[in-house]
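Here's the structure we're looking at; comments come further down.
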Amino acid sequence: MPSKSKPKPDRPAAKKFLPPSGHNVFSAKGEGYSLERAAKLAGISEGLLILWITTERFTPVELDRPDDLDGRDCPFQYRRFVITDANLRDLRKLVEKTRAVATEHKTGSNWTLKELADATGFSTDTIRDWFQDEAGILVLERPETRKKRGYKTFTIPEAVAERVLRRRTQ
(Lines give C-alpha, C1' and ligand atoms only; values in the text may rest on other atoms or scores of the structure.)
Protein backbone atom coordinates (compact mmCIF):
# COMPACT_ATOMS: atom_id res chain seq x y z
CA MET A 1 0.00 0.00 0.00
CA PRO A 2 1.56 3.29 -1.00
CA SER A 3 2.14 5.70 1.82
CA LYS A 4 0.51 9.03 1.65
CA SER A 5 2.81 11.85 2.50
CA LYS A 6 1.43 15.18 3.49
CA PRO A 7 2.70 18.10 1.52
CA LYS A 8 5.00 20.24 3.63
CA PRO A 9 4.02 23.86 3.96
CA ASP A 10 6.38 26.32 2.40
CA ARG A 11 8.40 27.96 5.14
CA PRO A 12 10.56 30.96 4.59
CA ALA A 13 14.17 30.02 4.94
CA ALA A 14 15.50 31.18 8.28
CA LYS A 15 18.60 33.30 8.14
CA LYS A 16 21.22 30.92 9.36
CA PHE A 17 24.90 31.65 9.66
CA LEU A 18 26.85 28.93 7.96
CA PRO A 19 30.51 28.70 8.83
CA PRO A 20 32.91 29.45 6.02
CA SER A 21 34.82 26.62 4.50
CA GLY A 22 36.97 26.64 7.63
CA HIS A 23 39.83 28.80 8.75
CA ASN A 24 41.94 27.37 5.94
CA VAL A 25 40.95 29.81 3.26
CA PHE A 26 42.92 31.84 0.78
CA SER A 27 42.38 35.52 0.34
CA ALA A 28 40.04 36.61 -2.42
CA LYS A 29 42.99 37.88 -4.44
CA GLY A 30 44.75 34.52 -4.24
CA GLU A 31 47.69 35.84 -2.24
CA GLY A 32 48.90 34.14 0.91
CA TYR A 33 48.72 30.68 2.40
CA SER A 34 46.13 28.72 4.33
CA LEU A 35 46.91 27.75 7.93
CA GLU A 36 47.45 24.16 6.86
CA ARG A 37 49.91 25.10 4.11
CA ALA A 38 51.74 27.68 6.27
CA ALA A 39 52.16 25.16 9.09
CA LYS A 40 53.57 22.62 6.64
CA LEU A 41 55.97 25.19 5.17
CA ALA A 42 57.14 26.20 8.66
CA GLY A 43 57.61 22.58 9.75
CA ILE A 44 55.01 22.50 12.53
CA SER A 45 51.57 20.99 12.95
CA GLU A 46 48.45 22.93 12.11
CA GLY A 47 47.25 22.39 15.69
CA LEU A 48 50.34 24.13 17.08
CA LEU A 49 49.83 27.04 14.68
CA ILE A 50 46.20 27.36 15.80
CA LEU A 51 47.34 27.30 19.44
CA TRP A 52 49.86 30.06 18.76
CA ILE A 53 47.17 32.15 17.05
CA THR A 54 44.61 31.70 19.84
CA THR A 55 47.20 32.57 22.51
CA GLU A 56 48.35 35.52 20.37
CA ARG A 57 51.91 34.26 20.16
CA PHE A 58 51.57 34.57 16.40
CA THR A 59 49.22 36.99 14.64
CA PRO A 60 48.47 36.44 10.95
CA VAL A 61 46.27 38.63 8.78
CA GLU A 62 42.65 38.08 9.73
CA LEU A 63 39.96 38.43 7.09
CA ASP A 64 36.59 39.97 7.97
CA ARG A 65 34.78 38.37 10.88
CA PRO A 66 31.12 37.49 10.47
CA ASP A 67 28.88 40.32 11.66
CA ASP A 68 25.78 38.33 12.56
CA LEU A 69 27.00 37.00 15.92
CA ASP A 70 25.09 39.72 17.82
CA GLY A 71 28.13 41.21 19.53
CA ARG A 72 29.35 37.90 20.96
CA ASP A 73 32.98 36.87 20.75
CA CYS A 74 33.66 35.18 17.48
CA PRO A 75 34.54 31.48 17.94
CA PHE A 76 37.79 30.43 16.33
CA GLN A 77 36.19 28.17 13.72
CA TYR A 78 34.33 31.18 12.25
CA ARG A 79 37.44 33.33 11.97
CA ARG A 80 39.35 33.33 8.69
CA PHE A 81 43.05 33.94 8.33
CA VAL A 82 45.54 34.26 5.54
CA ILE A 83 49.30 33.95 6.01
CA THR A 84 51.31 36.37 3.89
CA ASP A 85 54.96 35.91 2.94
CA ALA A 86 55.97 38.33 5.73
CA ASN A 87 53.85 36.34 8.21
CA LEU A 88 55.48 33.14 7.02
CA ARG A 89 58.97 34.59 7.61
CA ASP A 90 57.93 35.61 11.14
CA LEU A 91 56.45 32.16 11.74
CA ARG A 92 59.66 30.43 10.62
CA LYS A 93 61.69 32.66 12.97
CA LEU A 94 59.34 31.76 15.83
CA VAL A 95 59.67 28.05 15.05
CA GLU A 96 63.48 28.23 14.92
CA LYS A 97 63.61 30.20 18.17
CA THR A 98 61.33 27.66 19.85
CA ARG A 99 63.37 24.71 18.60
CA ALA A 100 66.64 26.30 19.72
CA VAL A 101 65.29 26.75 23.25
CA ALA A 102 63.81 23.24 23.32
CA THR A 103 67.00 21.44 22.31
CA GLU A 104 69.51 23.59 24.13
CA HIS A 105 71.77 21.58 26.46
CA LYS A 106 74.65 23.05 28.39
CA THR A 107 77.85 21.07 27.96
CA GLY A 108 79.12 19.70 31.26
CA SER A 109 75.68 19.37 32.85
CA ASN A 110 73.45 16.35 33.26
CA TRP A 111 70.78 15.49 30.70
CA THR A 112 67.07 15.28 31.43
CA LEU A 113 64.90 12.73 29.65
CA LYS A 114 63.24 15.48 27.60
CA GLU A 115 66.56 17.00 26.51
CA LEU A 116 67.86 13.59 25.38
CA ALA A 117 64.59 12.85 23.60
CA ASP A 118 64.73 16.19 21.75
CA ALA A 119 68.40 15.74 20.86
CA THR A 120 68.04 12.17 19.57
CA GLY A 121 64.56 12.33 18.05
CA PHE A 122 63.23 9.46 20.18
CA SER A 123 60.29 9.71 22.58
CA THR A 124 60.79 10.29 26.30
CA ASP A 125 59.30 6.83 26.95
CA THR A 126 61.98 5.20 24.76
CA ILE A 127 64.76 7.15 26.48
CA ARG A 128 63.34 6.19 29.89
CA ASP A 129 63.32 2.51 28.88
CA TRP A 130 66.93 2.73 27.69
CA PHE A 131 68.22 4.36 30.88
CA GLN A 132 66.07 3.06 33.73
CA ASP A 133 68.39 0.18 34.68
CA GLU A 134 71.64 1.86 33.61
CA ALA A 135 74.44 2.25 36.14
CA GLY A 136 75.51 5.80 36.89
CA ILE A 137 72.24 7.69 36.46
CA LEU A 138 70.64 9.66 39.26
CA VAL A 139 67.02 8.79 40.07
CA LEU A 140 65.07 11.00 42.41
CA GLU A 141 62.05 9.04 43.51
CA ARG A 142 58.96 10.17 45.36
CA PRO A 143 57.02 7.12 46.54
CA GLU A 144 53.33 6.72 45.91
CA THR A 145 50.91 7.68 48.66
CA ARG A 146 47.19 7.02 48.96
CA LYS A 147 46.37 10.33 47.30
CA LYS A 148 49.29 10.95 44.96
CA ARG A 149 51.04 8.79 42.42
CA GLY A 150 54.75 8.20 42.63
CA TYR A 151 57.27 10.05 40.49
CA LYS A 152 60.77 9.26 39.27
CA THR A 153 63.00 12.03 37.99
CA PHE A 154 65.94 10.84 35.91
CA THR A 155 69.15 12.85 35.67
CA ILE A 156 71.65 11.37 33.24
CA PRO A 157 75.33 12.36 33.30
CA GLU A 158 76.86 13.08 29.89
CA ALA A 159 79.31 10.16 30.14
CA VAL A 160 76.46 7.69 30.74
CA ALA A 161 74.40 9.20 27.91
CA GLU A 162 77.33 8.92 25.49
CA ARG A 163 78.00 5.32 26.55
CA VAL A 164 74.38 4.20 26.09
CA LEU A 165 73.89 6.07 22.81
CA ARG A 166 77.16 4.65 21.44
CA ARG A 167 76.01 1.14 22.41
CA ARG A 168 72.56 1.69 20.84
CA THR A 169 73.98 2.96 17.52
CA GLN A 170 76.37 0.08 16.97
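The values are calculated or read from the model by the stated rules, or taken from the named source; none is laboratory data. Just so you know, these numbers come straight off a predicted model, no measurement behind them. Heads up, the Cβs are rebuilt from the backbone with ideal geometry, glycines too, and the neighbour counts pull from every protein chain shown.
Quick notes
- The residues of the range 122-156 that are of a type in the set (A, V, I, L, M, F, W, C), under 18 Å from H105 (Cβ atoms) and not in a loop (DSSP other than H, G, I, E, B), listed by number, are I127, W130, F131, L138, F154, I156.
- All positions within the range 104-157 that are aromatic (F, W, Y) and more than 23 Å from T169 (Cβ to Cβ): Y151
- Filtered by the rule that a residue be aromatic (F, W, Y) and at pLDDT 85 or above, the range 70-115 gives a lone residue, W111.
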